[in-house]
């Protein structure tokens, strides 16, 4: 039986065995990465209850893939690359637009209707249908980007391979991530949320809902439909009081808002457009 005919659980078992023993199973590794590239397996998946589960065995396969492959020179027109991983191919067949010099590594998945401006998508990442990855935006290894998302210019979506149990950054459907935002350390941005320009979120960054009479604090997750801008709050240290960066939830997208509305229009509704 070849890897291409293996049931998913059998493939998973072979990857787990190879990773645990240190004995390379090239056939199982190559097949896993091929399925990643085709979108048939994912490094993290959302369950019916909205929770996300990390597929640790897929991340183990990626780590084994780096061990399996040696660096090679790849020439693409006037560009030359020297890397262990090949570039992703078949964009026309997949219905994907890739603007030079955008790069998507083999083992990432780009759904139909994705547009990559000059940007970068790493192995293990999933980018959903109709999503725009704008100029100089980066999608890190294993990050999960939903459908109809706009990652604006210079956005940094963090990646993670190790530890294998670590959750990647997740941006759910219909989100707007404004210019120069940085989202790292497994933060989840729930569906239809809007991050204004320059918001920086890590697992420990306070996200303060200031729309009510008292602030309500979130960490590691932006609630669905939240409109978030950069903020700060005072914190006392031994050397004195200093401002610590936060995200501020200053409004909520209405359920009837057109999902195609621009980031600037959403911010303008809350008096925050620049």
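Every number in this text was worked out from the coordinates using simple rules, so none of it is lab data. Please read these numbers as outputs of a predicted model, since none were measured by experiment. Heads up, the Cβs are rebuilt from the backbone with ideal geometry, glycines too, and the neighbour counts pull from every protein chain shown.
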- prompt: In whole angstrom, how far apart do the alpha carbon centroids of the range 199-226 and the range 144-186 sit?
  reply: 16 Å
task: Only helical DSSP H runs with n ≥ 4 go in: add -39500 (n - 2.57) per run for the chain, normalise by residue count and round the 222 nm mean residue ellipticity to 500 deg cm²/dmol.
output: -5500 deg cm²/dmol
- request: Rank 56, 16, 92 by mean-square fluctuation in a GNM of the chain with C-alpha springs under 10 angstrom and give only the top-ranked residue.
  value: 92
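Please state the equivalent ellipsoid semi-axes for the range 125-183: what are the square roots of 5 times the Cα gyration tensor eigenvalues, largest first, in whole Å?
Working: eigenvalues 69, 32, 14 Å².
With the √(5λ) rule applied to the range 125-183, the semi-axes are 19, 13, 8 Å.
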field: Fewest-first ranking of 126, 52, 57, using other Cβ atoms within 10 Å as the exposure measure
entry: 52, 57, 126
field: Share antiparallel - DSSP beta bridges, the range 198-255, percent rounded to 5
entry: 85 percent
- prompt: In the Gaussian network model of the chain, springs joining C-alpha atoms below 10 Å, which of 25, 173, 254 carries the largest mean-square fluctuation?
  reply: 254
message: Once you keep just the Cα pairs under 8 angstrom separated by 6 or more residues, what percentage relative contact order results for the chain?
response: 9 percent
- prompt: What ranking of 185, 241 emerges when the number of other C-beta atoms within 10 Å of each C-beta is taken as an exposure proxy, fewest first?
  reply: 241, 185
- request: Rank 216, 155, 228 by mean-square fluctuation in a GNM of the chain with C-alpha springs under 10 angstrom and give only the top-ranked residue.
  value: 216
field: Between helix 8-21 and the chain: long-axis angle, C-alpha atoms, 0 to 90°, nearest 10
entry: 80 degrees
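Express as a percent, rounded to the nearest 5, the fraction of DSSP beta bridges in the chain (both residues included) that run antiparallel.
40 percent
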query: For the range 124-268, what's the relative contact order in percent, using C-alpha pairs closer than 8 Å and at least 6 residues apart?
result: 16 percent
